[in-house]
Number of protein chains: 2
Amino acid sequence: MFYISGMARFIHPDLKDVPLASMLHALSDSTRLAIVRCLNADLLGGGGGLACNIAAPEELARATMSNHFTILRTAGLIESRKQGTKVVNCLRRAEVDARFPGLLDAVLHVEAANALD
Amino acid sequence: MFYISGMARFIHPDLKDVPLASMLHALSDSTRLAIVRCLNADLLGGGGGLACNIAAPEELARATMSNHFTILRTAGLIESRKQGTKVVNCLRRAEVDARFPGLLDAVLHVEAANALD
């Protein structure tokens, strides 16, 4: 089951239709992990989402960046919306936590520990 | 850094050399998740490990099965040893938990909940 946000631009899955293996695959890339960590920090700070080029960890080719965000969106990890000429992305933290309890906590905990190395 | 067990047959990584993304990739497949769940149950039951064809969830082609176990071993998830003509596999649960706290708990929790569906 899908719902379509904005101008039928982005398709976001219902988390209950996302298999664990798909969620783990979306997280199994260091660039995507960095994006998730960045969007989580934005969420914790009360931010309203981040543009792709702000959330991405470094200068990426446009197609590469777009592909990473598509994988994250397809796995139900992020919600994307058009805002003017930008695409703004938010982590679907509460929904992911409800579907996969403890998973993002564990992943972000490791990421934070690594960042301290 | 690697250590080699048995007759230089299998190479097992030191968990500290395994990036989170590699661990998540090894877990991002439903067959491999089923193997991990099965080996975890064996460990909890005090078992001494399981042969590949016992731990695998179904009849798999030999090459497919071997590939799954290689991916799990390369990511530091399992230890394999020759026992007679068989290969016996154990989940490296304590080491994985020490390196990635809460990750296997979260993954196995979702797997158990799905199994109840």
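The values are calculated or read from the model by the stated rules, or taken from the named source; none is laboratory data. What you are looking at is a predicted structure, and each value in this text was computed from that prediction instead of being measured. Cβ sites come from the backbone with ideal geometry, for glycine too, and all protein chains shown count toward neighbours. What goes into the accessible areas is simple: the full protein's heavy atoms, side chains included, and nothing from ligands, DNA or RNA. Shrake-Rupley method; radii C 1.70, N 1.55, O 1.52, S 1.80 Å.
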**Message:** Just checking, does the stretch B:103-113 include any residue being closer than 20 Å to A:LEU33 by Cβ, more than 8 Å from chain A (Cβ to nearest Cβ) and part of a helix (DSSP H, G or I)?
**Reply:** yes
**Message:** Looking at the stretch B:66-87, can you tell me whether even one residue there is touching a Pro at 6+ places or on another chain (Cβ under 9 Å), surrounded by 19 or more Cβ atoms within 10 Å (Cβ to Cβ) and part of a loop (DSSP other than H, G, I, E, B)?
**Reply:** yes
**Message:** For the stretch A:45-82, give me the residue count where each residue is in contact with a strand residue (DSSP E or B) (Cβ under 8 Å, 6 or more places away or on another chain) and either among the aromatic types (Phe, Trp, Tyr) or under 15 Å from A:LEU33 (Cβ atoms) (or both).
**Reply:** 6
**Given (1) aliphatic (A, V, I, L, M); (2) open to solvent by 70 Å² or more (accessible area, probe 1.4 Å); (3) in contact with a helix residue (DSSP H, G or I) (Cβ under 6 Å, 6 or more places away or on another chain), number of the condition B:ALA98 does not satisfy** = (3)
**Request:** Confirm whether B:LEU103 is touching a residue at least 40 places away in the same chain (Cβ under 8 Å) and either open to solvent by less than 30 Å² (accessible area, probe 1.4 Å) or over 26 Å from A:ALA106 (Cβ atoms) (or both).
**Result:** yes
**Request:** Evaluate the stretch B:22-33: report whether one residue or more is away from chain A (no Cβ under 14 Å) and either out of contact with any Cys (no Cβ under 7 Å at 6 or more places or on another chain) or modelled with pLDDT under 95 (or both).
**Result:** no
**Request:** Pick out the one residue from B:ALA63, B:ALA55, B:ALA41, B:ALA34 that is closer than 25 Å to A:HIS25 by Cβ and over 12 Å from the mean Cα position of the chain (by Cα).
**Result:** B:ALA63
**Prompt:** Of all the residues that make up the stretch A:67-109, how many are more than 15 Å from the chain's Cα centre (by Cα), closer than 19 Å to A:SER30 by Cα and hydrophobic (A, V, I, L, M, F, W, C)?
**Reply:** 1
**Complete:** By residue number, the members of the stretch A:82-117 that are modelled with pLDDT under 95 and touching a Ser or Thr at 6+ places or on another chain (Cβ under 7 Å) are A:VAL87
**Prompt:** Looking only at residues in the stretch A:34-59 that are part of a helix (DSSP H, G or I), of a type outside the set (D, E, K, R) and within 14 Å of chain B (Cβ to nearest Cβ), which one is surrounded by the most Cβ atoms within 10 Å (Cβ to Cβ)?
**Reply:** A:ILE35
**Asked** Only one of (1) at pLDDT 95 or above; (2) farther than 24 Å from A:ASP29 by Cα fails for B:GLY47. Which number is that?
**Response** (1)
**Request:** Report whether or not B:LEU91 is buried (at least 18 other Cβ atoms within 10 Å of the Cβ), within 14 Å of chain A (Cβ to nearest Cβ) and more than 25 Å from A:ILE71 (Cβ to Cβ).
**Result:** no
**Message:** Suppose we filter B:LEU33, B:LEU20, B:LEU91 for residues that are touching a residue at least 40 places away in the same chain (Cβ under 8 Å), of a type in the set (A, V, I, L, M, F, W, C) and in contact with a strand residue (DSSP E or B) (Cβ under 9 Å, 6 or more places away or on another chain); which single one remains?
**Reply:** B:LEU91
